[in-house]
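Following: one structure in structure tokens, then a few remarks.
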Amino acid sequence: MMYKNYLWWQKNVIYQIYPRSFNDSDGDGIGDLQGIIKKLDYLNDLGIVGVWISPIYPSPMADFGYDVSDYTGIHEMFGDMKDFDELLKEIHKRDMKLILDLVPNHSSDKHPWFIESKSSKNNPKRDWYIWKDPAPDGGPPNNWLSVFGGSGWEYDEATGQYYYHAFLKEQPDLNWRNPEVQNAMLNVMKFWLEKGVDGFRVDVMWHMIKDAKLRDDPPNPDHNEKLNSYSRHIPAYSTDQDEVHDIVRKMRKVVDSYKERLLIGEIYLPISKLVRYYGEDNKGAHLPFNFQLLQLPWEASKIEAAINEYEGALPPEGWPNWVLGNHDKSRIATRVGKEQAKVAAMLLLTLRGTPTVYYGDELGMEDVDIPEDKIQDPQALNEPGVGQSRDPERTPMQWDDSENAGFTTGEPWLPLMKNFREVNVKKQWDEEGSMLHFHRRLLHLRNKEPALHVGDHLPVYTENNLLSYMRSYNDKLFLIILNLKNSEENFTPGFFWKGEVKLSTHPEFEGKEMEGALRIKGDLGLLIEVIVNEYT
Ligand code: GLC
Ligand code: MG
């Protein structure tokens, strides 16, 4: 494929902003659109092109914006439509792209559609949601559970039926089998695409269609009491039904009727099921999110096997992608430790496929301990003890060493990390060896070298705790060696090579010439340009 035929989202990095926590411009302690606008130069200078913003629509905030009460508006807490238009214009002015979060599986229970639907059994919008009669014993229609705890069914006294909600009861699931619902949501997509939005990240895409017969989910033999109650069942009938692919195809068609727009799907499924979301003839999601790096143990052999399995399972035209962190999972620096976080960044940004960087991970931000009385996340509040809180990875971005890290002049909605005076953008930007400085140079190198952003992936056989591969494009070849442990390891590839270290987690290695077998110290990552003509 000719280089110029690659699309922006294949060549570039996506950065996820959790808008409540990025930058607050009006002192209410919650981030907003004007706050984001002020930081676009930062993202641009960092080397970011794609910006995905978690939901900014009107919402009662029962699930912090993932409960939408108006799909074509802006929450006043974040600003108004004028601010949004300005944001989009400022993004495009910098040749950057804006990806919105679309939440089509469920709305807020305060959405006018649901209020109508709930009002009576024969309301024209009754069938827009999933309403069923009680089971003969008066209980819920089947055994489906809510991801956030308890039954997935909520009883409505007034009309004597239950409605289904895969998440909170304040997030009733829309009935995607109803063509009117499909049209309404496809029109929402058109509304934003007409404005010039560059794509969508579609929330819980694999949830959108449920079994038509509402059969019970089977029990999960691996469940234990320490796990949340949702894992009592395997969601075989409540998620990932064949017909979802027709819906995804329709969404893709809308997106494709505009120029170079992107469709991403949030999908937590094993690889074999995940790759089906690329769709027949590659007419599904452009990027079904690949969450393996969020889930695998941090072991070279396991990650290497997963990379190879994924590369092998991708459909011919399917473009890979990798995610290392998001607003639902513990931060990478906490999961693997501060030293390994740099190695992880090198992995994310040198693997073949579009990477998504979670805000703050470029600084090495860690999960923040939230005192019990400050917990905000309904996932934690609903199931105390077992429902993992997502607040720790959603804390305010650390911009500088002033009060509240420059995030807000008010009281931040979640507490800041205590170390923000050392870990912040201002301090790390030019500080050699810092996480941000490393990220910035890694992003710039990735953006400059086609081998690193669109090149082929060539696995390199390694032992022990090392993970190694090459990336190649035309006459350029890069060798990546990553030590996933803190002990020294031997790198003994079965071939000769010679090259120069272009970038390392440890700057003292940069510029050094290396060849053949090596000793690789703990926590070391090397990005080496291989001298091609002599040996290959
Ligand atoms: C997705 C979002 C998560 C939200 C859930 C329900 O998984 O990433 O934050 O709670 O959907 O919308
Ligand atoms: Mg604000």
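For E317, all conditions in the list (1) buried (at least 16 other Cβ atoms within 10 Å of the Cβ); (2) without any contact (Cβ under 8 Å) to a residue 40 or more places away in the chain; (3) of a type in the set (D, E, K, R) hold save one; what is the number of the exception?
So the condition that E317 fails would be (1).
Can you find, within segment 384-420, the residue that is nearest to ligand 2 (Cβ to nearest atom) among those that are of a type in the set (D, E) and open to solvent by 30 Å² or more (accessible area, probe 1.4 Å)?
Per the criteria, the residue is E411.
State all residues of segment 427-461 that are of a type in the set (D, E, K, R) and either open to solvent by less than 30 Å² (accessible area, probe 1.4 Å) or without any contact (Cβ under 8 Å) to a residue 12 or more places away in the chain (or both); if no residue qualifies, say none.
Just the residues of segment 427-461 that are of a type in the set (D, E, K, R), to begin with: 427, 430-432, 440-441, 446, 448-449, 456.
Within segment 427-461, D430, E431, R446, K448, E449 qualify.
I'm trying to understand the selection: among the residues of segment 368-383, which are in contact with a Lys or Arg (Cβ under 7 Å, 6 or more places away or on another chain) and open to solvent by 20 Å² or more (accessible area, probe 1.4 Å)?
To start, the set of residues in segment 368-383 that are in contact with a Lys or Arg (Cβ under 7 Å, 6 or more places away or on another chain) comprises 377, 379.
The answer is Q379, and nothing else.
Just give me the residues in segment 80-116 being in contact with a strand residue (DSSP E or B) (Cβ under 9 Å, 6 or more places away or on another chain) and within 16 Å of ligand 2 (Cβ to nearest atom), in sequence order.
Listed by number, the list holds a single entry, L87.
Can you tell me how many residues within segment 8-21 are within 16 Å of ligand 1 (Cβ to nearest atom) and either over 19 Å from A345 (Cα atoms) or without any contact (Cβ under 8 Å) to a residue 40 or more places away in the chain (or both)?
4
What number of residues within segment 15-34 are buried (at least 18 other Cβ atoms within 10 Å of the Cβ), more than 7 Å from ligand 2 (Cβ to nearest atom) and of a type outside the set (F, W, Y)?
7
Being in a helix (DSSP H, G or I) and open to solvent by less than 30 Å² (accessible area, probe 1.4 Å) is the filter here, so list the residues in segment 231-252 that pass it. Steps first, please.
Narrowing segment 231-252 to residues in a helix (DSSP H, G or I): 231-232, 244-252.
Within segment 231-252, S231, V244, I247, V248, M251, R252 qualify.
Looking only at segment 37-57, count every residue that is open to solvent by 30 Å² or more (accessible area, probe 1.4 Å) and either part of a loop (DSSP other than H, G, I, E, B) or within 14 Å of ligand 1 (Cβ to nearest atom) (or both) and tell me the total. Even if it seems obvious, please write down each step before you answer.
Step one: list which residues in segment 37-57 are open to solvent by 30 Å² or more (accessible area, probe 1.4 Å), which gives 38-39, 41, 44-45.
With either part of a loop (DSSP other than H, G, I, E, B) or within 14 Å of ligand 1 (Cβ to nearest atom) (or both) added as a condition, the list becomes 39.
Here the count works out to 1.
Given the conditions (1) buried (at least 17 other Cβ atoms within 10 Å of the Cβ); (2) away from ligand 1 (no atom under 16 Å from the Cβ), and given that G312 satisfies all but one, which numbered condition is not satisfied?
In the conditions (1) buried (at least 17 other Cβ atoms within 10 Å of the Cβ); (2) away from ligand 1 (no atom under 16 Å from the Cβ), G312 misses (1) alone.
Take the conditions closer than 27 Å to V188 by Cβ and not charged (D, E, K, R) and apply them to Y155. Does it pass? Don't jump to the end; show me each part of the working.
Values: closer than 27 Å to V188 by Cβ: no; not charged (D, E, K, R): yes.
So Y155 fails the test.
Can you tell me which of (1) more than 16 Å from ligand 1 (Cβ to nearest atom); (2) part of a loop (DSSP other than H, G, I, E, B) is the one F64 doesn't meet?
(1)
Looking at this structure, is I267 assigned to a loop (DSSP other than H, G, I, E, B) and over 20 Å from the mean Cα position of the chain (by Cα)?
On the way: assigned to a loop (DSSP other than H, G, I, E, B): yes; over 20 Å from the mean Cα position of the chain (by Cα): no.
Judged against the criteria, I267 is not a match.
Tell me whether segment 496-504 contains one or more residues that are open to solvent by 40 Å² or more (accessible area, probe 1.4 Å) and at pLDDT below 95.
First, pick out the residues of segment 496-504 that are open to solvent by 40 Å² or more (accessible area, probe 1.4 Å): 496, 498, 500, 502.
Then keep just the ones that are at pLDDT below 95; that gives 496.
Yes, some residue in segment 496-504 is open to solvent by 40 Å² or more (accessible area, probe 1.4 Å) and at pLDDT below 95.
Of all residues being outside any helix (DSSP H, G or I) and among the aliphatic types (A, V, I, L, M) in segment 307-343, which is farthest from F420 (Cα to Cα)? Just the residue, please. Steps first, answer last, please.
Step one: list which residues in segment 307-343 are outside any helix (DSSP H, G or I), which gives 314-331, 337.
Next, from what is left, pick out any that are among the aliphatic types (A, V, I, L, M): 314, 323-324.
Numbers: L314: 41, V323: 25, L324: 22 Å.
Here the residue is L314.
Determine whether L452 is under 29 Å from the mean Cα position of the chain (by Cα), outside any strand (DSSP E or B) and among the hydrophobic types (A, V, I, L, M, F, W, C).
Details: under 29 Å from the mean Cα position of the chain (by Cα): yes; outside any strand (DSSP E or B): yes; among the hydrophobic types (A, V, I, L, M, F, W, C): yes.
Taking the combined requirement at face value, the residue satisfies it.
Given the criteria free of Cβ contacts under 8 Å to residues at least 60 places away in the same chain, closer than 23 Å to P235 by Cα, open to solvent by less than 30 Å² (accessible area, probe 1.4 Å) and aromatic (F, W, Y), does W128 qualify?
On the way: free of Cβ contacts under 8 Å to residues at least 60 places away in the same chain: yes; closer than 23 Å to P235 by Cα: yes; open to solvent by less than 30 Å² (accessible area, probe 1.4 Å): yes; aromatic (F, W, Y): yes.
Criteria met by W128.
Which of the numbered conditions does M2 fail, given that it passes all the others? Conditions: (1) buried (at least 17 other Cβ atoms within 10 Å of the Cβ); (2) away from ligand 1 (no atom under 16 Å from the Cβ).
Single failed check for M2: (1).
For segment 262-273, name all the residues that are open to solvent by less than 40 Å² (accessible area, probe 1.4 Å) and away from ligand 1 (no atom under 15 Å from the Cβ).
Answer for segment 262-273, where residues must be open to solvent by less than 40 Å² (accessible area, probe 1.4 Å) and away from ligand 1 (no atom under 15 Å from the Cβ): L262, L263, I271.
Within the group N490, N424, N464, N483, which residue is at pLDDT below 95 and either crowded, with 21+ Cβ neighbours inside 10 Å or in contact with a strand residue (DSSP E or B) (Cβ under 9 Å, 6 or more places away or on another chain) (or both)?
On the way: N490 fails: at pLDDT below 95; N424 fails: at pLDDT below 95; N483 fails: at pLDDT below 95.
The match here is N464.
Only one residue in M346, M365 is assigned to a helix (DSSP H, G or I) and either crowded, with 19+ Cβ neighbours inside 10 Å or in contact with a helix residue (DSSP H, G or I) (Cβ under 7 Å, 6 or more places away or on another chain) (or both). Which one? Steps first, please.
Values: M365 fails: assigned to a helix (DSSP H, G or I).
None of the other options fit; the residue is M346.
For segment 196-212, does any single residue satisfy the condition of being without any contact (Cβ under 8 Å) to a residue 60 or more places away in the chain and open to solvent by 20 Å² or more (accessible area, probe 1.4 Å)?
yes
Given the condition touching a Gly at 6+ places or on another chain (Cβ under 6 Å) and within 16 Å of ligand 1 (Cβ to nearest atom), answer yes or no: does some residue in segment 116-133 qualify?
Of segment 116-133, the ones touching a Gly at 6+ places or on another chain (Cβ under 6 Å) are none.
No - not one qualifying residue is present in segment 116-133.
Taking the condition of a type in the set (K, R), free of Cβ contacts under 8 Å to residues at least 12 places away in the same chain, over 17 Å from E362 (Cα atoms) and surrounded by fewer than 17 Cβ atoms within 10 Å (Cβ to Cβ), does K476 pass? Please lay out each step first, then the result.
Working: of a type in the set (K, R): yes; free of Cβ contacts under 8 Å to residues at least 12 places away in the same chain: no; over 17 Å from E362 (Cα atoms): yes; surrounded by fewer than 17 Cβ atoms within 10 Å (Cβ to Cβ): yes.
So K476 fails the test.
The values are calculated or read from the model by the stated rules, or taken from the named source; none is laboratory data. Quantities reported herein were computed from a predicted structural model and do not represent experimental measurements. When we count neighbours, we look across all protein chains shown, and the Cβ atoms used for this are built from the backbone with ideal geometry, even at glycine. For accessibility, only protein heavy atoms count, side chains too; no ligands or nucleic acids. Shrake-Rupley method; radii C 1.70, N 1.55, O 1.52, S 1.80 Å.
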